[in-house]
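Peer 1: My questions all concern the structure below.
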Amino acid sequence: GLYAIRTGELQEFSEQELLDCDSTDSACNGGLMDNAYKAIKDIGGLEYESEYPYAAKKMQCHFNRTLSHVQISGFVDLPKGNETAMQEWLLSNGPISIGLNANAMQFYRGGVSHPWAPLCSKKNLDHGVLIVGYGVSDYPNFHKTLPYWIVKNSWGQRWGEQGYYRIYRGDNTCGVSEMATSAVLA
């Protein structure tokens, strides 16, 4: 997303490169966005998905610096619990990586998700996703509007709303604003 905003080109970058070359996180068993940003900076950037394809298991790092298409100079951690700051960052800079509690996502089919807080604790963040936008759904029969975040998930286009998830915006639902961060491109 940040690369597309800067260059006008939407590219897929290698996830496998991160699995193989990030020595801080736990590959397919998970990790933290800030650690991934540090790894991308330290190794010298990311190759395209087509150049370093996904293998779904950790392998030997074979990063080729001459094929690096995007580099980052660092990252920004947004203020914890501040969805207004997230909205402002999104408008000014682009997508935001977040950690959230994915309990409510497992059976999601569509609409604005606003699960009961005890079922989706903001203390149990277990999934990383990307906030790419926001909006408001109007429900005139109920005299109600629901503000929401548009979240890009990694479970494929057959999940949710063609791979996307709408989650309530405004009360830190499922910990959406507990761990919000964004890369800074070099």
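The values are calculated or read from the model by the stated rules, or taken from the named source; none is laboratory data. Computed from a prediction, not measured in an experiment: that's the story for all the values here. Here the Cβ positions follow ideal geometry from the backbone for every residue, glycine too, while neighbour counts run over all protein chains shown.
Peer 1: For residues in the range 147-168 being part of a strand (DSSP E or B), charged (D, E, K, R) and surrounded by fewer than 18 Cβ atoms within 10 Å (Cβ to Cβ), which is modelled with the highest pLDDT?
Peer 2: E161
Peer 1: May I ask you to list pairs of residues, at least six apart or on different chains, whose Cβ atoms are under 6 Å apart, with the first in the range 135-147 being under 15 Å from D171 (Cβ atoms) and the second being polar (S, T, N, Q) and surrounded by 10 or more Cβ atoms within 10 Å (Cβ to Cβ)?
Peer 2: V136/T145; L146/S137
Each row is one residue, and each column tells you yes or no for (1) in contact (Cβ under 8 Å) with a residue 12 or more places away in the chain; (2) touching a Lys or Arg at 6+ places or on another chain (Cβ under 8 Å); (3) over 24 Å from E178 (Cα atoms).
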residue: Y3; (1), (2), (3): yes, no, yes
residue: G8; (1), (2), (3): no, no, yes
residue: F13; (1), (2), (3): yes, no, yes
residue: D22; (1), (2), (3): yes, no, no
residue: N29; (1), (2), (3): no, no, no
residue: D34; (1), (2), (3): yes, no, no
residue: K38; (1), (2), (3): yes, no, no
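Peer 1: Restricting the first residue to the range 109-130 and requiring it to be free of Cβ contacts under 8 Å to residues at least 40 places away in the same chain, which pairs with a second residue that is in a strand (DSSP E or B) and of a type in the set (D, E, K, R) meet a Cβ separation below 9 Å and a spacing of at least six or different chains?
Peer 2: What qualifies is V129/K152.
Peer 1: Would you please list the contacts, defined by Cβ atoms under 7 Å and residues six or more apart or on different chains, that run from a residue in the range 54-80 that is exposed (fewer than 14 other Cβ atoms within 10 Å of the Cβ) to a residue that is assigned to a loop (DSSP other than H, G, I, E, B) and of a type in the set (S, T, N, Q)?
Peer 2: K80/S177
Peer 1: Taking the residues in the range 30-84 that are outside any strand (DSSP E or B) and β-branched (V, I, T) as candidates, determine which candidate is farthest from R6 (Cα to Cα).
Peer 2: T84
Peer 1: Restricting the first residue to the range 150-177 and requiring it to be in the same structural domain as P118 (by TED's automatic domain parsing) and at positive phi, which pairs with a second residue that is surrounded by 18 or more Cβ atoms within 10 Å (Cβ to Cβ) and polar (S, T, N, Q) meet a Cβ separation below 9 Å and a spacing of at least six or different chains?
Peer 2: That search, which allows pairs on different chains as well, returns G160/N153; G163/N153; C174/N101; C174/S113; G175/N101.
Peer 1: Just to be sure before I move on: is K144 modelled with pLDDT of 90 or more, among the basic types (K, R) and over 21 Å from the mean Cα position of the chain (by Cα) in the structure I sent?
Peer 2: Yes, satisfied.
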